[in-house]
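Undergrad: The structure is given below, and queries will be raised subsequently.
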Amino acid sequence: MQILAEAEELPKATNIKTQLVALWIAAASALILLVAFIAFPGFWPPMSPELTADQVASFYRDHTAWIRFSMVTFNLCGIMLLPFFCVVVVQMKRMATQSQVFAYCYLSAVVSGATLFALADIFYAAAAFRPGRDPDLILLLNDLGWMVFIAPVGMIVAQNLMLALAVYHDNGPNPVFPRWVGHLSLLTLFAMVPSACAVVMTNGPLAWDGPVSFWLRNGAFATFTIVMFFVVRAAIHRQAIEEGVAR
Amino acid sequence: MSTTVLSASGGDPVAPHAAPASKRDLWIVFWIFPIFFGLFGVIFVLLARVIPPPRPDVTTDQKVQWFAAHATTIQIGFAAVCVVFGGAAIANGYVAYQMKRMSSGPTFAYAYMGSMAVGTLPGLMLVALCFLAATLRPGRQPRIIALLYDLGMLSFNGSLGCFATGYLAFAIAILYDKNAIFPKWLAYVSIWQIVTEVIATQMWVSSAGPYSWNGSIAFWLAVIVFGFWLNCQGICLKLATDRQPAGSRPLD
Amino acid sequence: MTTAARSITYAWIVLCAITIGSWWLAPGHSTHAATPSVAITTAVVLLGFVKGRLVIQYFMAVNTAPRWLKLATDAWLFTLWAAVLAIYLY
Amino acid sequence: MTITEPQQPKTDLPGDGHMWFMVLGDLIIFGAYFIVYMVQRAMAPAAYLQAQQHLSITIGVLNTLVLLTSSWFVAQAVRATATADYERAIRLICGGGACGVLFIAIKAYEWTTKITHGYTTSNEFFMFYYMLTGVHVFHVALGILILGIVVRELRNTRRRRLSMVEQGATYWHMVDLLWLVIFGLLYVMR
């Protein structure tokens, strides 16, 4: 995309540029988060909820450095994805044939969801802070970390529901997002809902180390976010061209 | 407090392109408000057992027994909360959206959205996590289970500031509004809510009696006032949705 | 001075007189230990009712207000003080 | 749409319905607090009476007189506004507000002496004392703010309206009314 020289200094050109910056911040952070994800020994394989307190404590003792590295990285870069979701809000507010109500509710859900996501790494990192702590307490922190990380999908449910409804109601001549984004959004939602069972199950596919609750949930979210990156980028380009900022 | 009243559409810019005749998007979001709070009531009263609250003045063993007696319903209830609690964000987001249509500027609409979005964590999710952690492993040490019991109940009933800020923002926005999105009395009613939140602070120092987290003053009166306020807010939200012209948008 | 303004002043004088009078009733004198007293409490309830009614009728100008408001305020006042007395005596 | 009707000359509702809704609701909520107080007191009358003795009736009476006088000022201000004597109304409301500030000052002094004497919320009677008077003082502070808004509106020749003054006055008298109940229940009854 080429920003036109004559539009360079206009606010609407800046609006396009800042959206792109937010997009690329999120992309860079996502890469770093991927590294942190790979670096956390507790994800390879995901720790079983059936481990005893002593096993969990010895896990934190044996892998302290890697746990600290990955959780500090999650702490630092996790919420850097937020600008990306804010770009989605900006794009939702552009949808012509609706009242913007979905955009506001989406934003509200994004903020609440982010507070929870910001909490998970704190439990893991606190458990790794003093690996010599009473194993029962390490187990408690580990449980809380896993539960917060996997189970509270409600805000993503709300987010994706609002996004899907917004896309379906955006039925003017120039939709912001293609219609299949709504389908994808709902599909992701349904893939993630079962992981709420992780707060109850200690084994099987729905436990927090199970293929549904862990791999399907996280895989769906990662895929959705990556696809949305390209979808949003294309939407920003269309916005730039519609507003006469770019060619 | 206004003599001159703009029509509800007075300040609403109409969407730049073709305006639809339908308000279906508004109604879909509106109905999430009563559905969510209905579910919230059912889950918290019948399943999760935090309303009416368990007693603060019991021994560690009694807390363990309480969890053991209600483990199944707590697990079902709070697992459901993990899925549906996004409804709170949509309900609050819709209130903020209607506040954004007021002539009182966006400041307090954003403040309402922000404080309520933050409040979801201490006021709703933390108790779910604590109780789920306690019921996941009934074999945990009793002292840890007792800690989770206290932590859960205190965060659920004792997270006051987020909501007090939200109510304050709500009241101020209504009082300055000349588009009559919500009636003035709803602002005054929100002042009661702040008062009950202030009184509920006493549950942090009182482990029995009327000011404890299950007390007649700190809990029951506050819950009755909250229930009344929430119903008023829901009804006013319905009326505001009724009056909003199709195709209109909030003010910038 | 209008009639309304004058009646406000009369109400104020009566209210202040009752308040100063209640100084002797109160238990907050350190000279002697207070004993429960049904008579004093009943007097407090009656005087509280009278004071509340004066404030509502003359200060809040409910004496010229619509009927529903008179009924609502009187109902509140009566219920409150009757309940206080009932709980005390019970 | 809820329209704030222009004040009809026939209507004799002081203020407007929105404010009365708030006031009646507030009275009911406070009424519930008073009932709970009485129920709790009935469970331990001797302990409550003994604790009541530590309240200073002189300060209580003084505070009541201050608040009654402030109500007199505000009620007269409504009459002055009704006769279009706005300057006098402003002076009267300022008088009422000053009494409100004095009330808070006396209350703060009373609390300070009580706390320094070791009467804290660990005693159930004092728990109620601090809660009821604290919430009441919150209402007084809010009332002073409302009176300030009324004065500001009265100064503006285009915005001075009787219903506005009446709304503020209704709220202020409610604060007075609630104090009279608190005074009777906490300071005087045995």
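The values are calculated or read from the model by the stated rules, or taken from the named source; none is laboratory data. Fair warning: this is a prediction, and the values are worked out from it, not measured in the lab. Backbone-built Cβ (ideal geometry, glycine too); neighbour counts: all protein chains shown.
Undergrad: So in region A:191-222, with the set limited to residues that are of a type in the set (Val, Ile, Thr) and farther than 15 Å from residue A:147 by Cβ, which one is surrounded by the fewest Cβ atoms within 10 Å (Cβ to Cβ)?
TA: It comes out as A:193.
Undergrad: Of the numbered conditions (1) within 14 Å of chain C (Cβ to nearest Cβ); (2) in contact with a Phe, Trp or Tyr (Cβ under 8 Å, 6 or more places away or on another chain); (3) in contact (Cβ under 8 Å) with a residue 60 or more places away in the chain, residue D:131 satisfies every one except a single condition; which is it?
TA: Condition (1) is where residue D:131 drops out.
Undergrad: (1) surrounded by fewer than 24 Cβ atoms within 10 Å (Cβ to Cβ); (2) within 14 Å of the chain's Cα centre (by Cα): which one isn't true of residue A:90, the others all being true?
TA: The one condition residue A:90 does not meet is (2).
Undergrad: Looking at B:28, B:35, B:43 in this structure, which one is at pLDDT 90 or above and at the interface with another protein chain (Cβ under 8 Å from one of its Cβ atoms)?
TA: B:28
Undergrad: Hey, any hits in region A:108-125 for a residue that's buried (at least 24 other Cβ atoms within 10 Å of the Cβ), among the hydrophobic types (A, V, I, L, M, F, W, C) and within 7 Å of chain B (Cβ to nearest Cβ)?
TA: Yes: region A:108-125 contains one or more residues that are buried (at least 24 other Cβ atoms within 10 Å of the Cβ), among the hydrophobic types (A, V, I, L, M, F, W, C) and within 7 Å of chain B (Cβ to nearest Cβ).
Undergrad: Quick one: is residue D:170 β-branched (Val, Ile, Thr) and surrounded by fewer than 19 Cβ atoms within 10 Å (Cβ to Cβ)?
TA: Answer is no for this residue.
Undergrad: Follow-up. For the condition within 12 Å of the chain's Cα centre (by Cα), crowded, with 20+ Cβ neighbours inside 10 Å and more than 20 Å from residue D:18 (Cβ to Cβ), what is the one hit in D:140, D:175?
TA: After ruling out the rest, the residue left standing is D:140.
Undergrad: Given the options D:152, D:160, name the one that is charged (D, E, K, R), more than 14 Å from chain C (Cβ to nearest Cβ) and in contact (Cβ under 8 Å) with a residue 24 or more places away in the chain.
TA: D:160
Undergrad: Would you mind listing the helices (runs of 4 or more DSSP H) fully within region D:1-115 where at least 1 residues are in contact (Cβ under 8 Å) with a residue 40 or more places away in the chain and more than 10 Å from every other protein chain (Cβ to nearest Cβ)?
TA: In region D:1-115, D:45-52, D:57-82 are the helices (runs of 4 or more DSSP H) which contain 1 or more residues that are in contact (Cβ under 8 Å) with a residue 40 or more places away in the chain and more than 10 Å from every other protein chain (Cβ to nearest Cβ).
Undergrad: Just to be sure, is residue B:105 in contact (Cβ under 8 Å) with a residue 60 or more places away in the chain and surrounded by fewer than 19 Cβ atoms within 10 Å (Cβ to Cβ)?
TA: Against the criterion (in contact (Cβ under 8 Å) with a residue 60 or more places away in the chain and surrounded by fewer than 19 Cβ atoms within 10 Å (Cβ to Cβ)), residue B:105 qualifies.
Undergrad: Still on this structure: Which members of region B:221-235 meet the condition of being more than 9 Å from chain D (Cβ to nearest Cβ) and either among the charged types (D, E, K, R) or surrounded by 17 or more Cβ atoms within 10 Å (Cβ to Cβ) (or both)?
TA: Listed by number, the residues that qualify are B:222, B:229, B:230, B:232, B:233.
Undergrad: Ok, one more. Return the only residue of B:181, B:174 being under 16 Å from residue B:106 (Cβ atoms), outside any helix (DSSP H, G or I), touching a residue at least 40 places away in the same chain (Cβ under 8 Å) and β-branched (Val, Ile, Thr).
TA: From the options B:181, B:174, the qualifying one is B:181.
Undergrad: State all residues of region A:157-183 that are in contact with a Gly (Cβ under 7 Å, 6 or more places away or on another chain), at the interface with another protein chain (Cβ under 10 Å from one of its Cβ atoms) and within 17 Å of residue A:231 (Cβ to Cβ); if no residue qualifies, say none.
TA: Within region A:157-183, A:159, A:168 qualify.
Each row is one residue, and each column tells you yes or no for (1) in contact (Cβ under 8 Å) with a residue 12 or more places away in the chain; (2) of a type in the set (A, V, I, L, M); (3) more than 23 Å from residue A:149 (Cα to Cα).
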position	(1), (2), (3)
B:69	no, yes, yes
B:73	yes, no, no
B:79	yes, yes, no
B:82	yes, no, no
B:97	yes, no, yes
B:100	yes, no, yes
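Undergrad: Being β-branched (Val, Ile, Thr) and surrounded by 24 or more Cβ atoms within 10 Å (Cβ to Cβ) is the filter; apply it to region B:175-194 and report the residue that is farthest from residue B:97 (Cα to Cα).
TA: B:189
Undergrad: Being small (Gly, Ala, Ser), modelled with pLDDT of 90 or more and under 22 Å from residue B:120 (Cβ atoms) narrows it down to one of A:125, A:114, A:53, A:36, so name that one.
TA: Going through A:125, A:114, A:53, A:36 in turn, the sole match is A:114.
One line per residue, one yes/no per condition, for (1) touching a Leu at 6+ places or on another chain (Cβ under 9 Å); (2) modelled with pLDDT of 95 or more; (3) closer than 22 Å to residue A:241 by Cβ; (4) not acidic (Asp, Glu):
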| residue | (1), (2), (3), (4) |
| --- | --- |
| A:8 | no, no, yes, no |
| A:30 | yes, no, no, yes |
| A:96 | no, no, yes, yes |
| A:102 | yes, no, no, yes |
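Undergrad: So residue D:190 fits all but one of (1) facing another protein chain (nearest Cβ under 9 Å); (2) surrounded by 20 or more Cβ atoms within 10 Å (Cβ to Cβ); (3) modelled with pLDDT of 90 or more; what number is the exception?
TA: Exception for residue D:190: condition (3).
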